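To start, the structure itself, in structure tokens.
Every number in this text was worked out from the coordinates using simple rules, so none of it is lab data. Because the structure is predicted, anything quoted here is derived from the model rather than measured. Glycine gets a Cβ as well: all are built from the backbone with ideal geometry, and neighbour counts include every protein chain shown.
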Amino acid sequence: DARVTQTPRHKVTEMGQEVTMRCQPILGHNTVFWYRQTMMQGLELLAYFRNRAPLDDSGMPKDRFSAEMPDATLATLKIQPSEPRDSAVYFCASGLVMDRELFFGEGSRLTVL
Amino acid sequence: QKEVEQDPGPLSVPEGAIVSLNCTYSNSAFQYFMWYRQYSRKGPELLMYTYSSGNKEDGRFTAQVDKSSKYISLFIRDSQPSDSATYLCAMTDDKIIFGKGTRLHILP
């Protein structure tokens, strides 16, 4: 049963600490998206990749967020330093460029104290 | 103005009622329009998608797109308690943009 795997599922950290979230896309998918979900803003696009190349990261605060795909089986989202306003659920999703369906992971719930 | 606007609800309707969910958008470049369903503490899952204007039906669900008005709708017939979830519209010209989602409660 192919699925997108995200780790960690839950993370509580203190302001100023570095946070790294990881995503394993479905094997064979060539597009990976990172979203952040809050009650106030809904599901916001942070960044997305196609064939491991970043296409758009305009949704990310550039000074503290970074997203990478070191290989086809791993996408990472890093926050350094973290702030309380970063508290949210972060979703990774993967898909095929010719197909409009995105498959989402279970999300990483981040709380920054 | 956000690219995609969606009323967050909550929307409560009795079981068996017809539910209408809607989104408006501003980017005329959007070509594909989708509806995702999200249960509590889960990731969204694709429910339906349509290309350009028109209607698409799948069981109790009907998606409508009116590009001239930049308006899309999802109708749920004979609503069931199991339909209680958050429904997110989404659209794409390459990157996929989501609405905030509408929380729907179907009352038994």
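Placing unit charges on each Cβ (+1 for Lys and Arg, -1 for Asp and Glu) gives the stretch A:59-111 a dipole about its Cα centre, and among A:82, A:65, A:107 the Cα reaching farthest toward its positive end belongs to A:82. From the alpha carbon centroid of the stretch B:1-36 to that of the stretch A:39-80 is 25 Å.
At a Förster radius of 30 Å, what calculated FRET efficiency corresponds to the Cβ-Cβ distance of residue B:93 and residue B:17, to the nearest 0.05? Rounded to the nearest 0.05, the efficiency is 0.30. By other beta-carbon atoms within 10 Å, ranking A:77, A:102, A:27 with the fewest at the front produces A:27, A:77, A:102.
In this structure, the residue pairs whose Cα-Cα separation is over 31 Å, taken from A:62/B:2; A:78/B:100; A:62/B:67; A:11/B:100; A:78/B:56, are A:62/B:67; A:78/B:56.
Think of each Lys and Arg Cβ as +1 and each Asp and Glu Cβ as -1; about the Cα centre, that makes the dipole of chain B roughly 220 debye. For chain A, a Gaussian network of Cα nodes joined below 10 Å ranks A:17, A:80, A:41 by mean-square fluctuation, and the top entry is A:41. Within chain B, the proportion of C-alpha pairs whose separation exceeds 23 Å stands at 21%. Applying the Karplus relation 6.51 cos²θ - 1.76 cosθ + 1.60 with θ = phi - 60° to the stretch B:93-108 yields 3J(HN,Hα) values of 10, 3, 6, 10, 10, 10, x, 5, x, 10, 7, 10, 10, 9, 8, x Hz, where x marks Gly and Pro.
Averaged over the residues of A:100-108, the number of partner chain Cβ atoms lying within 10 Å of the residue Cβ comes to 5. Size of the protein assembly as shown from its Cα atoms: along the principal axes, largest to smallest, the extents are 49, 39, 36 Å.
Projecting label points 7 angstrom from Cα along Cα→Cβ for residue A:41 and residue A:71 puts them 3.2 nm apart.
Cα-based values for chain A, radius of gyration first and Dmax second, are 13.2, 41 Å.
Close amide-amide hydrogen proximity is noted between residue A:17 and A:82, each under 5 Å apart and 5 or more residues distant or on a separate chain (H modeled in the peptide plane; Pro and chain starts excluded).
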